[in-house]
Amino acid sequence: MSDELESRHAIDNGDEEIVAGREEREKRAAQKEREDFKTLMGTYHGRAFVWRLLEKCKVYVSTFSSDPLQMSFNEGKRFIGLAVMGEVFEVSPVAYKLMQDEAEERLRIINGEGS
């Protein structure tokens with residue numbers, strides 16, 4: 001990339017207008033992500049998907065392994081799951097309990113104990 005192109009794409013942290021505009025765009029993007037996640041958590045199918053994701057991320061089980069590489073891999077998955085769980089609590093703390101209750105009901109149905 002030429003110096004001219006690099007300078008056009010460089011972030012100017014000294015220009016208050018540029019910084020303020022960038023911060024405003026980042027703030028709007030973060031708000032949109034929260035709204036998207038809240039919409040997802042507002043549906044039965046969205047909560048079921050997030051619950052399965054949390055299970056696959058090994059949030060609810062030990063990640064221990066005698067193989068350090070496997071344990072590192074498991075902890076990486078768990079890290080992602082904890083980040084998703086954090087978003088659940090940030091966006092809608094009540095949705096977690098509802099999601100948990102729905103997961104327990106699905107498990108009862110699978111085990112032939114359902115309503």
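Structure values in brief
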| read-out | value |
| --- | --- |
| Rg(Cα) / (2.2 N^0.38 Å) computed for the stretch 11-110, rounded to two decimals | 1.44 |
| The stretch 89-105 versus the stretch 20-44: alpha-carbon centroid distance in Å | 20 Å |
| Degrees, to the nearest 10: 44-56 long Cα axis against longest axis of the chain | 90 degrees |
| Partners for K32 among lysines (Cα-Cα distance below 27 Å; same-chain residues under 8 apart left out) | K56, K77, K97 |
| Peptides ranked, highest mean first, by Cβ atoms within 10 Å: ranges 75-81, 103-109, 23-29 | 75-81, 103-109, 23-29 |
| Qualifying lysines (Cα of each under 24 Å from Cα of K27; at least 8 residues distant if same chain) | K38 |
| The chain: angle of helix 93-110 to the longest principal axis, Cα-based, in degrees nearest 10 | 40 degrees |
| Size of charge dipole - the stretch 11-110 - debye, nearest 20, with Cβ of Lys, Arg +1 and Asp, Glu -1, no other charges | 640 debye |
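Taken together, the values in this text are just the output of simple stated rules run on the coordinates, not laboratory data. The model shown is predicted, which means the values in this text are computed figures rather than measured ones. Note: ideal-geometry Cβ built from the backbone for every residue, glycine included; neighbour counts use all protein chains shown.
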